[in-house]
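To keep things clear, I will list the structure first and then write my remarks on it.
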Amino acid sequence: EDKVVQSPLSLVVHEGDTVTLNCSYEVTNFRSLLWYKQEKKAPTFLFMLTSSGIEKKSGRLSSILDKKELFSILNITATQTGDSAIYLCAVEVVTNAGKSTFGDGTTLTVKP
Amino acid sequence: NAGVTQTPKFQVLKTGQSMTLQCAQDMNHEYMSWYRQDPGMGLRLIHYSVGAGITDQGEVPNGYNVSRSTTEDFPLRLLSAAPSQTSVYFCASSWGPGSPLHFGNGTRLTVT
């Protein structure tokens, strides 16, 4: 059974702090790992990672994948209150196209 | 461009009632899926479809039916509602393997 574990489950920081969110996985025939941000409603896509060691970056957010150790991290620098959200990690496998397995998410709260 | 549209936004059912959650997308995506989100449990896959006429079960399919007669629509039917089905339901679509999910805004269902 495919498994995705995120840590921590929740995190409270102050504006300006840097945070690191973790996602580890145990799947067969890995295809890709995706990060999503969920504010009040629908999750929205952040990054897709398929290769080890290649950093994806968008503004203050960045992410990297380690396929040997089976994990990914999402970094947010200089956090702002608008970064408060649930961050979801999902993994796709080659053999079951159309299925994404999600972790339980990390709830990030950024205080002014 | 509407993206993924879910109706209704809110619904209250009594135990034993049936209903259909509607999902439509206008992006010509082949892949569509239904997830439920419970507090602290991330997104769990109910059913998914890789094209019109093709559906398959996800992690938590019991008590739900789906059909996919057109590329655009993917309704989710609750056969006999139970309190355990109280949740937020998200419909999602994507181009295919290795492409990110686009989510609807969710349906909040309460079963009393």
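The values are calculated or read from the model by the stated rules, or taken from the named source; none is laboratory data. Note that the structure is predicted; figures quoted are calculated from it, not measured. Because the Cβ atoms are built from the backbone with ideal geometry, glycine has one as well, and the counts that use them run over all protein chains shown.
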Residue that is nearest to the chain's Cα centre (by Cα), among those in segment B:49-93 that are closer than 12 Å to residue B:21 by Cα and among the aliphatic types (A, V, I, L, M): B:76
Residue check for residue A:64: touching a Phe, Trp or Tyr at 6+ places or on another chain (Cβ under 9 Å) and β-branched (Val, Ile, Thr): no
Some residue of segment B:4-19 being of a type in the set (S, T, N, Q), out of contact with any Pro (no Cβ under 8 Å at 6 or more places or on another chain), buried (at least 16 other Cβ atoms within 10 Å of the Cβ) and modelled with pLDDT under 95: no
Single residue of segment B:36-48 satisfying the filter (at the interface with another protein chain (Cβ under 7 Å from one of its Cβ atoms) and either surrounded by fewer than 18 Cβ atoms within 10 Å (Cβ to Cβ) or among the small types (Gly, Ala, Ser) (or both)) that is nearest to the chain's Cα centre (by Cα): B:42
Qualifying residue in segment A:29-51 (condition: of a type in the set (Gly, Ala, Ser), more than 10 Å from the chain's Cα centre (by Cα) and more than 27 Å from residue B:39 (Cα to Cα)): yes
Residue in segment B:20-35 that is nearest to the other protein chains (Cβ to nearest Cβ), counting only those that are in a strand (DSSP E or B) and either at pLDDT below 95 or over 14 Å from residue B:77 (Cβ atoms) (or both): B:31
Leading residue by the ranking (surrounded by the most Cβ atoms within 10 Å (Cβ to Cβ)) among those in segment A:41-52 that are facing chain B (nearest Cβ under 9 Å), over 21 Å from residue A:77 (Cβ atoms) and free of Cβ contacts under 8 Å to residues at least 40 places away in the same chain: A:42
The listed residue being within 11 Å of chain B (Cβ to nearest Cβ), surrounded by fewer than 21 Cβ atoms within 10 Å (Cβ to Cβ) and out of contact with any Pro (no Cβ under 9 Å at 6 or more places or on another chain), out of A:101, A:109, A:77, A:95: A:95
Residue tally, condition of a type in the set (Phe, Trp, Tyr) and assigned to a loop (DSSP other than H, G, I, E, B), over segment B:59-79: 1
Verdict on residue A:55 being among the charged types (D, E, K, R) and more than 14 Å from every other protein chain (Cβ to nearest Cβ): yes
Members of segment A:80-112 that are in a loop (DSSP other than H, G, I, E, B) and of a type outside the set (A, V, I, L, M, F, W, C): A:80, A:84, A:95, A:96, A:98, A:99, A:103, A:104, A:105, A:112
Test for residue A:111: is it modelled with pLDDT of 95 or more and charged (D, E, K, R): yes
